[in-house]
Structure formats: structure tokens, C-alpha cells
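Q: Handing you a structure now.
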Amino acid sequence: MFRVIETFSGIGAQAKALERLGIKYEIVNTCDWDINAIIAYCRIHKGVIDVSACKEKTDEEIETFLRNTTLSLDGKKPISEYAFNRLTPEFRRLLYAAIKQTRNFVSITDVHGSDIYEGADLLTYSFPCQDLSLCGCWHGNKSGIARDAHNRSGMLWEVERILKEMHSANRQLPKFLVMENVTNILSTTHKRDFDDWKDTLVSMGYVNHIYRLNAKNFGVPQKRERAYMISVLCGGDSAKEALIDKYFSENNLEEDLIARRYRSRKFYLRDVLKLDYRKKCYREEANASQPNDTPSRVKIYQENDMLYDGRKINEIYVNTVTTKQDRNPNSGLITYDSGREGKSKWRYLTPRECFMLMGFDEYDYDAVISDNPEFKKNTRLLTNEKLIKMAGNSICVDVLEAIFKQLVEMNRLVSSDLNAYEFNGSEFHRDHA
């Protein structure tokens with residue numbers, strides 16, 4: 001059994017990758033404070049939110065529990081007292097059930113080393129990138145992951161705090177750590193702070209290896225380059241450290257041929273774009289993704305890739321799926337004329353298409369939107385904008401699959417128990433096409 005703790009779990013790209021691999025795994029805990037992601041994660045990975053499990057709880061008990069957690073409505077700041085008071089009793093119960101069902105720690109600031117399961121195989125952390133990204137720098141935000149910045153990307157140091165608490169208490173640390181973030185974390189601007197973090201991990205017995213990986217090299221029609229750091233717990237054992245160093249030198253995922261060896265599948269834009277508008281949900285989603293015909297949108301039309309011109313799909317690698325499509329640049333446009341007055345003759349990618357470009361299956365998206373809860377009077381929780389944001393904040397599932405295959409191989413390499421994990425098949429499926 002591969003036991004995993006997902007911090008900054010979002011909609012659960014890590015769990016999705018493990019599911020695809022066929023490995024027997026358990027998500028011991030998740031950790032995310034964004035109410036939207038909490039609901040979406042539970043729907044994707046648990047199928048339904050089982051409210052009946054908390055039927056013995058009174059509304060007052062549920063309110064007390066939620067008030068004692070640090071929740072967020074936008075993933076940026078804690079929910080205000082005013083906004084919390086507007087949450088309906090029914091939605092509070094749904095949220096409580098989702099938190100319990102996914103064993104969600106909620107805010108990482110409230111987690112302690114004593115809370116972390118000893119003997120975990122993997123802890124993942126994909127902390128917020130806003131203060132690291134080039135976009136943030138363009139807006140004057142250059143604080144990055146500085147210890148004293150007290151910003152969103154500084155949540156990295158909460159991971160350090162937790163691991164240090166475990167280490168100081170002689171609690172068993174996770175065998176593997178996997179970090180994902182924007183590649184700007186590797187830039188000269190952030191080098192000192194990132195080196196500080198790497199040195200901390202080395203002092204606790206980890207060996208670190210950094211990848212710059214692009215989703216397009218793993219069978220995904222998206223140009224999405226991200227930094228990944230794999231940390232392997234060797235505990236100062238020089239023989240294990242040498243094995244791990246040799247493994248990475250011989251199985252470098254940054255090399256195209258090796259990336260192809262580890263990828264699980266290859267899919268195309270034709271597998272993603274939902275152009276059959278005879279299907280009601282596709283038509284409604286297309287309408288919701290069709291902007292008004294304004295001067296700024298004309299500029300967007302002129303300067304972005306046309307993915308479908310009304311006759312033929314342009315089979316390219318789309319630009320990175322970000323948290324917003326109504327922007328310039330974006331991931332691409334689709335010719336679309338709904339006949340509605342004042343609308344452009346094109347649309348953006350729909351949330352469904354964004355989810356699929358991140359490696360999720362269409363049924364995952366259907367699960368998320370299967371029941372859009374009313375979280376305050378006359379207001380539904382899941383909007384187009386929130387759904388796209390959740391996709392843009394996620395990690396490409398197919399890249400994680402390749403990384404997780406390597407974790408299992410490395411575990412076998414340094415473990416005396418070569419049958420530590422069971423799989424659906426004797427070997428991972430590898431696409432050599």
C-alpha cells in the first residue's frame with residue numbers, strides 16, 4: 001500500500017495519477033483550505049459527498065468545527081466573518097462532510113508534525129505560485145519565497161515547519177517528497193531562498209533532484225513547463241545516495257526518449273474539444289465561454305491561436321492552461337457562433353476542456369458539476385471562472401504519472417522488500433509510440 005499525504009491538494013491530480021497507475025494506494029490526508037477545491041476533490045475522488053455520515057451532528061456542532069478551521073472562499077485569504085455567516089446551514093453540512101470524507105487538514109498553517117502519519121511513503125506539496133510567477137513580478141511582486149515575506153508562496157515554510165517538528169520528535173519522515181511549482185522558482189532571483197530550502201531537506205537526510213518538465217513531452221497537447229523536485233529519504237546512507245544519483249542520471253525525464261518511455265498515453269486536441277453542440281451540456285458550456293464583442297476581445301482574437309476554425313482542428317500544443325481564459329494571451333480560441341447579439345464569433349476553452357487538458361477524464365468533470373450547491377441564498381458555488389481556476393491551479397496528471405512510476409522504481413531499488421507494492425499488472429504500461 002502506497003500511503004500519500006497531499007498538501008495543497010486542489011482537485012487531486014496526485015490521487016488521479018496514482019489511480020491511473022493501478023497502484024494500491026491510500027490518501028492518508030489531504031490539505032486544502034479552498035472551499036471550492038474541497039467540494040470538487042470529494043466529488044472527483046469519492047464520487048459523492050456523503051452528508052448522511054454526519055446526520056448525528058447538530059448545525060451548532062458543525063458551525064463550531066468550521067469556525068475552528070481556516071477556510072477560504074477564493075484560495076487567497078481566509079473567509080470573512082460576514083461571508084461565513086452567509087453560508088447556508090445545508091452548505092455548511094456539505095462542506096463538513098467533504099472535509100471529513102477526504103480527511104482534509106484544511107489549512108496547512110494549522111497542521112503540526114504530530115498530525116502527520118508516520119510511515120507515509122509520499123508527501124506532495126504544490127504551494128501557491130503567485131508570488132513566484134513572472135506575472136507576479138510584472139505586477140511588482142518580487143517577494144517570492146522569502147522567509148519573512150508572509151505571502152502565499154511563503155507557505156513553503158509551513159512544510160518546512162511540519163517536517164522539522166517531525167524530525168525533532170524523532171518521528172519517521174515520509175520516504176519521498178514531491179514539489180511542483182513554476183519554473184521561476186529556479187531563477188537567480190529566488191536562488192538563495194530555494195537553496196535554503198534544499199539545504200534544510202539535506203540536513204534531514206533527503207537527496208534532492210530537480211526536473212524541468214513540459215507536459216507536451218508526456219503525451220499532453222499542452223505546453224506547460226513546471227519545476228518538480230523529488231526528495232528521497234536516504235538518512236545519510238551513502239550507498240543509497242549513490243544508487244539514487246545513478247538512477248536519476250540513467251532515467252532523466254528531461255530527455256525526450258526517456259520521457260516517452262515513461263508516459264502512459266498520448267492524446268490530442270480532437271480528444272479534448274467538445275464541438276458537438278447537439279449535446280445540450282456542450283452547447284451551454286460553449287455559450288458560457290463566449291465573450292462579448294468588445295475592442296479588447298478583438299485584440300485577443302487577433303493575437304491568440306485559433307484551435308478550430310469551423311472546419312478543421314488545429315492540432316497544436318496549446319499554451320499553458322492558466323486560472324483564467326478571458327485574458328491575453330490565453331490557451332487558444334474556437335470559432336463559435338451562437339447567434340446571440342453582441343457576442344464574439346468565437347469562444348474560449350470551456351472548463352470541461354481545461355480539466356481534460358490537465359489530464360483529468362471527462363467523467364471527473366461531470367462529477368464536479370453533478371450538483372452545484374447553493375452556498376449562500378440564491379447563489380451557486382461553482383461558476384465557470386472558479387472551475388477554470390481549479391483546472392489552472394492543478395498539476396498535469398500525466399506528468400505526475402511518470403514521476404510516480406520513478407518513485408516506485410526507486411523504492412524498489414533501495415528497499416530489501418522488492419514486493420513492497422502491488423499493481424494491477426506485472427509492469428507499468430509504457431507507450432513507446
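Q: Could you tell me which of the residues 153, 126, 133 is under 22 Å from residue 404 (Cα atoms), at pLDDT below 95 and within 23 Å of the chain's Cα centre (by Cα)?
A: After applying the criteria, what remains is 126.
Q: Based on this model, can you work out whether residue 5 counts as more than 14 Å from residue 367 (Cβ to Cβ) and either acidic (Asp, Glu) or out of contact with any Lys or Arg (no Cβ under 7 Å at 6 or more places or on another chain) (or both)?
A: yes
Q: Within the group 289, 249, which residue is of a type in the set (Gly, Ala, Ser), within 23 Å of residue 385 (Cβ to Cβ) and modelled with pLDDT of 95 or more?
A: Criteria check complete, one pass: 289.
Q: Keeping to the stretch 335-366, report how many residues are buried (at least 22 other Cβ atoms within 10 Å of the Cβ), within 20 Å of residue 300 (Cα to Cα) and basic (Lys, Arg).
A: Residues in the stretch 335-366 being buried (at least 22 other Cβ atoms within 10 Å of the Cβ), within 20 Å of residue 300 (Cα to Cα) and basic (Lys, Arg): 1 in total.
Q: Before we move on, is residue 231 touching a Phe, Trp or Tyr at 6+ places or on another chain (Cβ under 6 Å), at pLDDT 95 or above and hydroxyl-bearing (Ser, Thr, Tyr)?
A: yes
Q: Moving on. At least 3 residues that are more than 22 Å from residue 370 (Cα to Cα) and out of contact with any strand residue (DSSP E or B) (no Cβ under 7 Å at 6 or more places or on another chain) in each: list the helices (runs of 4 or more DSSP H) lying fully within the stretch 250-360 that qualify.
A: Those helices (runs of 4 or more DSSP H) span 256-262, 295-303.
Q: When residues of the stretch 50-109 are filtered for being of a type outside the set (Ser, Thr, Tyr), exposed (fewer than 12 other Cβ atoms within 10 Å of the Cβ) and in a loop (DSSP other than H, G, I, E, B), how many remain?
A: Residues meeting the conditions: 5.
Q: Still on this structure, I have one more. In the stretch 297-319, which residues are surrounded by 11 or more Cβ atoms within 10 Å (Cβ to Cβ) and polar (S, T, N, Q)?
A: 304, 314, 319
Q: Here's something else I'd like to know. Being among the hydroxyl-bearing types (Ser, Thr, Tyr) and within 24 Å of the chain's Cα centre (by Cα) is the filter; apply it to the stretch 281-336 and report the residue that is nearest to residue 217 (Cα to Cα).
A: For the stretch 281-336, the residue satisfying everything is 317.
Q: I would also like to ask the following. I'd like the full set of residues that are in contact (Cβ under 8 Å) with a residue 40 or more places away in the chain and touching a Leu at 6+ places or on another chain (Cβ under 7 Å), limited to the stretch 18-43.
A: Listed by number, the residues that qualify are 33, 35, 36, 38, 39.
Q: Within the stretch 26-46, how many residues turn out to be in contact with a Lys or Arg (Cβ under 7 Å, 6 or more places away or on another chain) and farther than 13 Å from residue 368 by Cα?
A: Here the count works out to 4.
The values are calculated or read from the model by the stated rules, or taken from the named source; none is laboratory data. This one's a predicted model, so the numbers in the text were calculated from it and none came from an experiment. Don't worry about glycine lacking a Cβ; one is built from the backbone with ideal geometry, like all the others, and counts go over all protein chains shown.
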